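K.L.:
Just passing along the structure, written as C-alpha cells.
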Amino acid sequence: QPNATKLYLLGLFPWTGAWDGAEATVPATMLAVQDINADPKLLPDYELVVITRDTECDGGTATDEMYKELYNTSTTKIMILGPACSIATEPTAQASHHWNLVQISYSATSPKLSTRSLFPRFFRLLPPDSMLNVVKIAMFKEFHWTKVATIQESAPLFSLTTADFHIEAKQAGIEVIAAETFIDNPTTQIENIQKSGARIIVAGFYGNMARRVFCAAYHQKMYGAKYVWIVPGWLEWHWWRKTDASIDCSVEQMDEAVAYHFAVNIDNLPSDANRAPSLSGMTSRKFLERFAAVVDTDDPSSLTGFMEKSFAYDTVWTVALALHEAERQLSQLDPPRTVADFAYDSITCQILFDVISSLSFEGISGPIKFNSNGDRLGLILLRQLQDGSDVKVGTLDPTTGTGRDITWLGYEPISWLGGAPPIDFIIEREDRQTIQLSLFLTGAILATVGIALACCFLAFNIHFKKLRVIKMSSPNINNLMLIGGMLAYVAIIFLGVDTNIASTDTFVWMCRAKTWCLSIGFSLAFGSMFSKTWRVHKIFTNKTAAKMVLKDSRLFCFVTTLVLLDVLILVLWETLDPLVATERFGTKVIDDENDDIVYTPIRMMCESRNQTYWIGAFYVIDGLLLIFGAFLAWETRKVSIPALNDSKYIGVCVYNVLILSFVGAPVSFILEERNAHYALVATLIWLATTLTLCVVFVPKIRTRNDVQPAQNTLVSQVTQSHQGVTSVDAQKELQLLRQEIGRLRKNLHDLGQDDKE
Ligand SMILES: NCCCC(=O)O
C-alpha cells in the first residue's frame, strides 16, 4: 500500500562464523515480510521492513550491530528478530529488554535462553537443545544401551545441553562412562572415549568442530558398524564435506566417518499429509517451492539454515500477529495509541510481550505456542545419514502420550551397518592374574633343591663338626645360617601359592607364613654371617689382645636378638594390622583380536592397610644390617686365614645379598605382572640363598681332608697373607706381623675352647 506506515524490525543474521545460517533464514524472512505486507487483513495500514545486520555468529559483533541500529534514530525498531547463534543471542537478549524491545529468535537453541530472569522479553520459535535429549534417551531405551560417552565443544549451548543429558541419563539408568569437553582440538578427548570403551557417543558442536571430531574419530577408527554417533540436527547441510584446512582428512574419509550417524532436531516442516492448514494458507510443499524460487541456488537444501527457514518465516508471522493484536489493544487505550507511536516505551512492549505469550497459530513449521520461558514445543525429528542421504527415521512428540516414546511408524527404517544395533560397550572380562602352575612348580622344585642342598650342608656340618676346618668356623653359627637359608627356600614355595591353586583363606595364610619365613630366615642367615664378620673385624681391629674375642654364645645372642625383633614386629603387624586378601584392578586392556572384548586385570593381593610402615621397619633394620655388614666385609677383605676360613666368603656373601636385595626390592615393588614378579622375587631369594650357602660351605667340603695340624702352617699362612699387602717398611712390618701371630694364636686357642664348651 502506498500510504502504509513503515514498521521497522531489526533482523540479526549470521552471514559468516561457526553457523552461517543467514543463507537460508534471510530469504525465508523476506518471503514472510512479502507475504504479510501483501495480506490486506494483517496490519493493513503498515508495511513491515526488516533491517538486517550480520552478527558473524559472535556475541560481540551481534551486540555491537544491535546498538548501532538502536542508536540510529532515523528509524525506530519495534522488535528484534534473531540472532541465530546462541552465543550471539544471549548478550543481545540480555540487553534488548532494557530498550523495551521484544526479541524473537528463529534459531538459537541454548538451554540458557530459557531463563526468564535473564532474558525477560525473549521468545524463540524452537525448543532448547536440552529438550531434544528426550529422543536420545528414548533411543537408549529402544536399543537397550546403558552406557554412553559424551563429547562437546566448550560453549554454554553444548555444556548445558550435555549437563541436562547427563541428568536424564542418570535418571534413566544410563551410565556416562566418558564426558569430554574440548576447546578446539578434540584428539585427546576422542582417544579418551576410545579408551573408555564407549560405543554410543552423544556429541554437541558447531559444524567446524564437528569436522575436527569426526576426523579424529576417523583416525582412531571410531566409526562404522560398532559405533553410534548422535549429533545436533541443525548443523549445516553436508557440514563434513566443507573445505577445512584445519583437518587432515579427505572428503572420502569424512564421508566414511560420518556414515550412518544420527541427528536430532525439531521438525521444521511437517509433511502435508499430517499437517493442519497454515495461517499463511501455504502447504509445506508450496512453501518449499516458493522458497526455492527466491534463493539463488539449484539446491536450496545446501544452504546453511535450510532447517531453520520455516522458523524464520514463522517468526515474522509471529511478529506481525503480535503487532496486529497490539494495535487493537493500543487503540483502546486512553488516549488511544498505535504501534507506530512506539518509542521504546514499556506500554507497547508489555502489550506485545503479553500477546506473544498467549499467541497460538498454525505456522508453516507446525503449531506455534510458547511456554512460560518463551520456548516453543514441537515435534522432535530423528534423522540418519543413510548412503549419503538424510533420512527421517522417527519422531517424538513431547506433548502427546508419555512424551518419551519415539514413533517409528511411517518413517524409513534405521540402517545398521552391522545388521543390528551395536553393543553399547565392549564386553568386559576379568583377567585374574595368578601365578602359572608351571612357574610355581619350577619355583617349588628349585626351592626343594635348595632345601635339600641346605640339608646336605647341615649334615656335613654336623658330621664333620670335629674336623678342625669345621670346628674353627663356628659350625653352630653356620647351622643357624643353614636354617635361615631353609626358611628362605620355604618362603619361595609359600610365595608361589596363588588363588588358582588354593582358596583365598589358604592364600592369605601362605602369604603370612611367607612373611615370617622371609624375615626370620633373613635374620638367621644374614645375622649369622654378619656376626661372624663382626667377630673377624673385632679380632683384626682390637688393639688389646685380651678383649678381642667374641665367643659363639655372644654371636648366638646377637642373632637371637635379631630374630626376636622380627618376631616382635611380626606379632604387632599380625595383631594391629593383619594381612588380608584384596583385589587390585589394573588398567583395562582391549583384546588384540576382538576389540569388542576388554580385559580387566585383577590381582589378588595379600595386603594390610599400613603395610608400608611394617615393611619399612624391616627394610630399615635389614638395610642397616646389610650396609653395616658390607662395611665390615670391606674392612676385613684382606683377611684370608683358613683357620678363620669363612671371613672372606662371608664378605662375598654380604655383597651378594646386598646387591640382590637392593636390586630386587625396588624392582619387585614396581613390577606388577604377577608371574614376572614371582619369577623375579623367587629367583633373587633363591640366588641370594644358594650363592651364600655355596660360597660358605662348598670350600669347606672341598678342603675337609686338607687339615693342617701344625700351628706353624698357620703362622706361615698369616705371614704370607700379610706379606701380600705389605711393601713399605719390611722390618717394621715383620715385627708387627709377629705380634699379630702371637695374638692370633691366642684367639684361635680361645675359639677352640669356646667350641668345645
Ligand atoms: N540452530 C543453529 C544455531 C544453534 C545455536 O547457536 O543456538
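We did not get these values from a lab; they are worked out from the coordinates using the rules stated. None of the values given here were measured: they were computed from a predicted structure. All Cβ positions, even for glycine, are placed from backbone atoms using ideal geometry, and neighbour counts span all protein chains on display.
K.L.:
Given labels modelled 7 Å from the Cα in the Cβ direction, how far is it in nm from L441 to D64?
P.N.:
Placing both labels 7 Å beyond Cα along the Cβ direction yields 8.1 nm.
K.L.:
Another question, then. What FRET efficiency would be calculated for the residue pair S389, R116, taking the C-beta separation as r and a Förster radius of 41 Å, to the nearest 0.05?
P.N.:
Working: r = 40 Å, r/R0 = 0.98.
Efficiency for this residue pair is about 0.55.
K.L.:
For region 432-474, which trypsin sites (Lys or Arg not before Pro) are in a loop by DSSP, counting at most 13 other Cβ atoms within 10 Å? Could you put the intermediate results ahead of the total?
P.N.:
Working: sites: R432, K465, K466, R468, K471; in loops: K465, K466.
Here the trypsin sites (Lys or Arg not before Pro) that fit, given the DSSP loop and packing criteria, are K466.
K.L.:
Still on this structure, please answer the following. So if each residue of separation counts as 0.36 nm, and I subtract the Cα-Cα distance between Q611 and S358, what length gain in nm does that give?
P.N.:
Numbers: separation 253, 0.36 × 253 = 91.08 nm, distance 7.08 nm.
That works out to 84.0 nm of additional length.
K.L.:
Now a separate question. If contacts are Cα pairs under 8 angstrom and at least 6 residues apart, what is the relative contact order of region 61-163 in percent? Write out the running numbers ahead of the final one.
P.N.:
On the way: 133 pairs, mean separation 23.8, N = 103.
Worked out over region 61-163, it gives 23 percent.
K.L.:
For region 201-216, take each phi angle, set θ = phi - 60°, evaluate the Karplus expression 6.51 cos²θ - 1.76 cosθ + 1.60, and give the result in whole Hz per residue in order, putting x for glycine and proline.
P.N.:
Taking θ as phi minus 60°, the curve returns 10, 9, 10, x, 5, 7, x, 4, 7, 4, 4, 5, 5, 6, 5, 5 Hz for region 201-216.
K.L.:
Which far-off residues, 5 or more places away or on another chain, put their amide H under 5 Å from the one on M605, with H placed in the peptide plane?
P.N.:
Sorted by chain and number, the residues that satisfy this are T582, E583, R584.
K.L.:
Rounded, prolate or oblate: which fits region 140-283 when a ≥ b ≥ c are the square roots of the eigenvalues of the alpha-carbon gyration tensor, with rounded for a/c under 1.5 and prolate only if a/b beats b/c? Provide the component values of the computation, followed by the final result.
P.N.:
On the way: a/c = 1.87, a/b = 1.30, b/c = 1.44.
Here region 140-283 falls in the oblate category.
K.L.:
So, one more: Mind listing the phi-derived Karplus ³J(HN,Hα) values for region 324-338, rounded to whole Hz, using 6.51, -1.76 and 1.60 with θ = phi - 60°, and x for any glycine or proline?
P.N.:
4, 5, 4, 4, 5, 5, 5, 5, 8, 6, 10, x, x, 9, 10
K.L.:
Among 206-217, 325-336, 263-274, how do they line up by average Cβ neighbours within 10 Å per residue, starting with the highest? Provide the component values of the computation, followed by the final result.
P.N.:
Details: 206-217: 24.2, 325-336: 13.3, 263-274: 18.9.
Ranking the peptides 206-217, 325-336, 263-274 by packing returns 206-217, 263-274, 325-336.
K.L.:
Something else about it: Suppose we keep just the DSSP beta bridges with both residues in the chain; what percent of those would be antiparallel, to 5?
P.N.:
Working: 27 of 70 bridges.
Approximately 40 percent, going by the DSSP bridge assignments.
K.L.:
If you don't mind, there's one more thing I want to ask. Per-residue counts of other Cβ atoms within 10 Å, averaged by peptide: what ranking do you get for 590-600, 20-30, 505-515, 76-86, highest first? Walk me through the intermediate numbers first.
P.N.:
Numbers: 590-600: 13.3, 20-30: 25.3, 505-515: 17.9, 76-86: 27.7.
By packing density, highest mean first, the sequence is 76-86, 20-30, 505-515, 590-600.
K.L.:
Enumerate the calculated ³J(HN,Hα) couplings along region 508-515 in order (Karplus 6.51 cos²θ - 1.76 cosθ + 1.60, θ = phi - 60°), each rounded to whole Hz, writing x wherever the residue is Gly or Pro.
P.N.:
Using θ = phi - 60°, the values come out as 5, 4, 5, 5, 5, 4, 4, 4 Hz.
K.L.:
Let me ask another. Tilt of helix 86-96 relative to the longest C-alpha principal axis of the chain, in degrees (0 to 90, nearest 10)?
P.N.:
So the helix axis and the longest Cα principal axis differ by about 60 degrees.
K.L.:
Mind listing the long-range amide H neighbours of I597? Cut-off is under 5 Å, sequence gap 5 or more, other chains count too, H placed in the peptide plane at 1.01 Å from N.
P.N.:
Under 5 Å from the amide H of I597: I427, D591.
K.L.:
Expressed in nm to one decimal, what extension gain is obtained for the pair K6 and T283 from 0.36 nm per residue of sequence separation less their Cα-Cα distance?
P.N.:
Numbers: separation 277, 0.36 × 277 = 99.72 nm, distance 2.88 nm.
The K6-T283 span can extend by a further 96.8 nm.
K.L.:
Over the chain, what is the relative contact order in whole percent, taking alpha-carbon pairs under 8 Å and six or more residues apart?
P.N.:
Answer for the chain is 11 percent.
K.L.:
Which whole-angstrom value gives the distance between the alpha carbon centres of region 289-316 and region 436-454?
P.N.:
82 Å
K.L.:
When L288, L625 are ordered from fewest to most other Cβ atoms inside 10 Å of their Cβ, what list results?
P.N.:
Numbers: L288 17, L625 20.
Fewest-to-most Cβ neighbours within 10 Å comes out as L288, L625.
K.L.:
Would you calculate the separation in nanometres between label points at K221 and A502, each defined as 7 Å from the Cα along the Cα-to-beta-carbon direction?
P.N.:
4.3 nm
K.L.:
Any cysteines in the chain with zero other Cys Cβ atoms under 4.7 Å from their Cβ? List them, or say none.
P.N.:
For the chain, the answer is C349, C455, C456, C517, C557, C653, C694, because their Cβ atoms have no other cysteine Cβ under 4.7 Å.
K.L.:
Going by how many other Cβ atoms sit within 10 Å of their own, how do W614, W634 line up, fewest first?
P.N.:
Details: W614 20, W634 14.
In order of increasing Cβ crowding within 10 Å: W634, W614.
K.L.:
Starting from the Cα gyration tensor of the chain, take the square roots of the eigenvalues, sort them a ≥ b ≥ c, and report rounded, prolate or oblate (rounded when a/c is under 1.5, otherwise prolate if a/b is larger than b/c, else oblate). Before the final figure, lay out the partial values.
P.N.:
Numbers: a/c = 4.49, a/b = 3.58, b/c = 1.25.
Since a/c reaches 1.5 and a/b is larger than b/c, the shape of the chain is classed as prolate.
K.L.:
Separate question: Once you place label points 7 Å from the Cα toward the Cβ at F143 and Y619, how far apart are they in nm?
P.N.:
5.1 nm
K.L.:
Taking the Cβ-Cβ separation of D299 and S331 as r and a Förster radius of 56 Å, what is the calculated FRET efficiency to the nearest 0.05?
P.N.:
On the way: r = 47 Å, r/R0 = 0.83.
For D299 and S331, the calculated efficiency is 0.75.
K.L.:
OK, next. For helix 552-576, report the angle its Cα long axis makes with the longest principal axis of the Cα atoms of the chain; keep it between 0 and 90° and round to the nearest 10°.
P.N.:
Relative to the chain, helix 552-576 is tipped by roughly 20 degrees.
K.L.:
A further question follows. Mind checking the angle between helix 437-463 and the chain's longest principal axis? C-alpha axes, 0 to 90 degrees, to the nearest 10.
P.N.:
Value to nearest ten degrees: 20.
K.L.:
Ok, one more. Just subtract the alpha-carbon distance of I590 and T188 from 0.36 nm times their residue separation and send over the number in nm, one decimal.
P.N.:
Working: separation 402, 0.36 × 402 = 144.72 nm, distance 1.81 nm.
Going from the current span to full extension adds 142.9 nm.
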